[in-house]
Structure formats: structure tokens, C-alpha cells
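What follows is a set of notes on a single structure, which appears directly below.
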């Protein structure tokens, strides 16, 4: 009987230890989740504040572009159709600038999210196209840098060979004299 009671106590102690361990792990996980939520909320607030501060600069840049676009239409006085299209584009840009000034980052994000939900195939196609164009741009830039580096290296090697040739001629002239 004493051995049976001892075994039951060990099992009870084992279960209590296991329950205590599960509770501790659950507490740690809960604290980690709470901290991650706080971190995400803090990062979101900082990003939103930054974008809200910068949106006036962006709106002004768009408005300046619209103004320069409108000013460029003076050369199209003989072509009223082209001027009308460019003026229409400038009007659209001015409306965009005003919209940027009036709305918050959250409004833009919500609109973007709505578009993604309504037209996921279109968003996917645009994403693929932008990715393709970005890859082409990066590849082209890398090739230009490679040619520039090779050209500069080749020019330096050519100059070094020319100097060596001149030195060799000078040494031969000295030897012949």
C-alpha cells in the first residue's frame, strides 16, 4: 500500500509540474503576443505620421507637375485637340494633388485594399508588369555599369601599354646610342 501511494504522489506531482509548465508557457506566449501587437501598432503609427507629414510635399510636387504640364501646352496653340488632352491631364493631376492634401494615409490604404479585393487579377497583372519592368531596368543598369567598368579598365590597360611601349623605345634608343 505504501508503494502504491508513493506512485500516485509522483504522478500527481508530475501532472502538477506539467500543468505549471503549460501555464508558464501560456503566460510567456501571451506576453509575446501582447508585445508584438504593441510593436506593430507603434510601427503603424510612426509610418502613418511620417506619410501624413510628407503628403503635403507629395501633393505640391504633383501640383507643380500639373502646372508645368499646363504651361507646356502653349506650344500647341495650333492644335487644340492635343492642348485639350494635355489640359485634361493637368486638371486630373490637380485634382489628385487636392485629394492627397485632403485625405489621410489610412484612407488611401483602405481604397487600395478595396481595389485589391475587387480586382485581384488586375492587381496581380499590374504587379507582374511592374516586376518585369523593374527587372529590365535593373538588368539594363547593371549592363551599362559593366560596360562602363570594362571600358574604363580597357582604357587604363591601353594607356599602360602605351607607356610601356614608349619606355621600351626610349630604352632601345639609349642602347643604340
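Alpha carbon centre of segment 96-111 versus segment 113-128: separation in Å?
Between the Cα centre of segment 96-111 and that of segment 113-128, the gap is 19 Å.
Give the Cα extents of segment 89-155 along the principal axes, in whole Å, largest first.
Reported extents, whole Å, longest axis first: 56, 29, 23.
Relative contact order of segment 1-118, please, whole-number percent, based on alpha carbon pairs below 8 angstrom and at least 6 residues apart.
26
Every number in this text was worked out from the coordinates using simple rules, so none of it is lab data. Not measured: the values here are computed from a predicted model.
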